[in-house]
Structures are given as structure tokens and as C-alpha cells.
Amino acid sequence: MPVSTRAVNGGWRESADPAATPLPPGIASVLSVLSSSAVVLDAEDRVLQASDAARSFGLVEGEQLMASELLALARQVRRDGEIREGEFEVTPGGGVGGRVTNFAVRVAPLGGDVGCEGLVLVLAEDQSESRRVDEVRRDFVANVSHELKTPVGALALLAETVEDAADDPDAVRRFAGRMRQEAARLTNLVQDIITLSRIQAAEPVPDPTAVAVDAVIAEALDRCRMKANARGIVLADVGDRDLGVLGDEDLLITAIRNLLENAVAYSPERTRVVVTTRRDGHRAEISVEDQGIGIPERDLQRIFERFYRVDPARSRATGGTGLGLAIVKHVTAAHGGTVTVRSVEGSGSTFTISLPLREAPQ
């Protein structure tokens, strides 16, 4: 027979069964301020009260605690009065392929006061996001370690080779040039890591200032012009002028430069890379379009991940660190904007950054 429920105490639902043990005064008001998913069980393992969060996660249905692990833990606590802690996972609906939620749980008796006999409190804290962050952090450290090994190992090997070729000036010059390349690659990687560490907390730019979009694009183009000229690639700048945003000019230059360097690196020689700016309502859009090799559809959802490379061999050959697009994403987010990509394999790509205009209403 279905059990009816009603909402009370700011997001709590208590049993409407008149035969259920009433919750002692004061306890409900204390539990209502808890951020955890909370459930109170009576001596018969019926749910006296449960937070909306506990129900939305599927921990409670009607008057039943659905997680068998938690129910067993609650019975142990009721028997011996000892507080217990643990971890478990819940998949909504119990099906395969659903989003798994990781919980840290704490189960405790509510005490021996009158009206509290046999009552057990279950607190479940969603740990999914913290675990995801930990995994991202571990992956980042592992990837950084791997990426640093390559230039550092190459520099050590080249140094030994130069020592052995001390009597051959041509060989020394050749290997010294290679050492400069590896040193530059190492410098770029360290700089990208420093930049990413500044802005990856998903927080707004702390002290935004007025930034002219024209100046940002001009500086980014200037920093990429030498690489483009070496490959016969024409850099063009078109669109609306005199647009302004609020933010950090150096970070915005870094973001546009990374898009331009990617476009140059993945474009055939003697092609064009075009930067287009336009006003779209209260936003400024900056697009970087190339005539390059494009991005396979299967990779479009992952290209903004740190160290993700569509073509690892080509990326390493061009000196890419694998952090450029991740930096673009985080810089854009820190300025209250978005970045999107449109690409067809073999026909080029267009990356578009959309930022709030300086005069836009807050």
C-alpha cells in the first residue's frame, strides 16, 4: 500500500503514517540545516524523516531505506550503540550505465532520551565531485611528469652527445640547435602549467580592467606572425572594431595566441588563418578560422581536456604542450565567456570565444 508523504522543515519529508513513532521535538529543526542527505529510521527500520536530497539520490522511497548496505549498518548501530562510518556507491534505478554516486556515510544512534529509543540517524555525503577532482589532479600530475621527461631526457642525451663530439664543430652546432629546441619546449610547457594553475579554479578574474579587443588580437597576431611567415600562411584580421571587455589582457592574449598557434600548426603551407570579431548583442565574439586538417567528430568533445591530442605525433613535432586549448577554455570561463568549435575533418576548424562586452548590463 503506497505511503503518502508531506514536505516539512525546509526540504524534509516525514512519514504520514499515524502509527509511526513521532520524531522528538527539536531534532527535526537541527537536522533540517544539515547539508548532507539525512535519514532517520525508527526501531522497525521505517523512515521517519528524510531530506529531499536523500530521496532524489534514490536512498529513500516512501518509508523504505533502499540501500541494503546502509540498512545493515543501521541495524548494527541500533544493536550496540556504536557510531559507524563507511563508503558505498549508488546507481539511480539500480540499472547499468547510470551515473554512479559515491557516498561517505556516518550512522549513529540518536540517543537514549525519552522518545528516541531505537532511532538511528543516517548521514550520507556525496563524494562524487571530490573524487572526480582527485582523479583529475592525479591525471594532471601523471601527465605533467610524462611530458617533462621527454625534453629533460632529450637535453641530457644531447649534452652527452655534445661532449663526445667536442672535436667536431659542425656536430656541436647541430646538437646545440637541438638543445635549444628542447629547452624552448620545456620553457613553453612550464609556462603553460603556470598559466593553467592561475585560472583553472573556475573563478572570475580577480581584478578585471578595461581591455580593448583590437589590442588583444593585434598582439596575439604579432606573436604568431613569425611562425606563420615561415610556412607561408597569411594571417588576416577582419570584423567589427572598437569592442571592449573587462578582464585580464595578458590572459586574453594568451588564449587568442594559443588558438592562432594551433591554426598555424595544423594548416597546410600557403593557406589563410582569419581572425574575425563581431558584436552579438551584449557579447563580443572572436573567431579563429583555418583551412587546416580539421578535427574528427569523435574528438570534438575532448579537445579542451588537458594533454588531450588529436594527433600526438604531429603535436609533438610542432612543439605543442597539449595544454593550449585547456588554457583557452579556462581563460574564457574566468572572463564569464564560452568557447565553441566547429570543424569538418579535412576542411578546417573555427574556434569562437564569446565574452560579455564591457558596457553589457551586469
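Residue exposure proxy: Thr332, Thr271, ordered by other Cβ atoms within 10 angstrom of their Cβ from fewest to most, comes out as Thr271, Thr332.
Taking amide H as placed 1.01 Å from N in the peptide plane, Leu357 has its amide H under 5 Å from the amide H of Arg283, Ala284, each at least 5 places away in sequence or on another chain. How are the C-alpha pair distances of segment 127-199 spread across 5 Å bins, as whole percents from the shortest bin up? For segment 127-199, the binned pair fractions read 3, 15, 17, 17, 13, 10, 8, 7, 4, 3, 2, 1, 0 percent.
Ranked by the mean number of other Cβ atoms within 10 Å per residue, highest first, peptides 46-57, 342-353 order as 46-57, 342-353.
By the count of neighbouring beta-carbon atoms within 10 Å, fewest first, Ile217, Ile83, Ile286 end up ordered Ile83, Ile217, Ile286. Over all other residues within a Cβ to Cβ distance under 10 Å of Val105, the charged ones net out to -2, with Lys and Arg as +1 and Asp and Glu as -1. Charge dipole (Cα centre; +1 on Lys/Arg Cβ, -1 on Asp/Glu Cβ; no other charges) of segment 203-362 amounts to roughly 560 debye.
The string of couplings for segment 292-302 from the Karplus curve (6.51, -1.76, 1.60, θ = phi - 60°) is x, 7, x, 10, x, 4, 5, 9, 4, 6, 10 Hz, one whole number per residue in order, with x for Gly and Pro.
With Cβ to Cβ distances under 12 Å as the rule, what net charge do the other residues near Asn229 carry (K, R +1; D, E -1)? Neighbourhood net charge equals +2.
Short to long, the 10 Å bins of the Cα pair-distance histogram for segment 227-308 hold 15, 42, 36, 7 percent of all pairs.
Of interest is the spacing of the C-alpha centroids, which for segment 321-356 and segment 115-186 amounts to 24 Å. Ordered by the count of other Cβ atoms within 10 Å of each Cβ, fewest first, Ser130, Ser36 give Ser130, Ser36.
Where a number appears in this text, it was derived from the coordinates with a stated rule and is not lab data. Nothing here was measured: the structure is a model prediction, and the numbers come from that model. Every residue, glycine among them, receives a Cβ derived from its backbone with ideal geometry; neighbour counts consider all protein chains shown.
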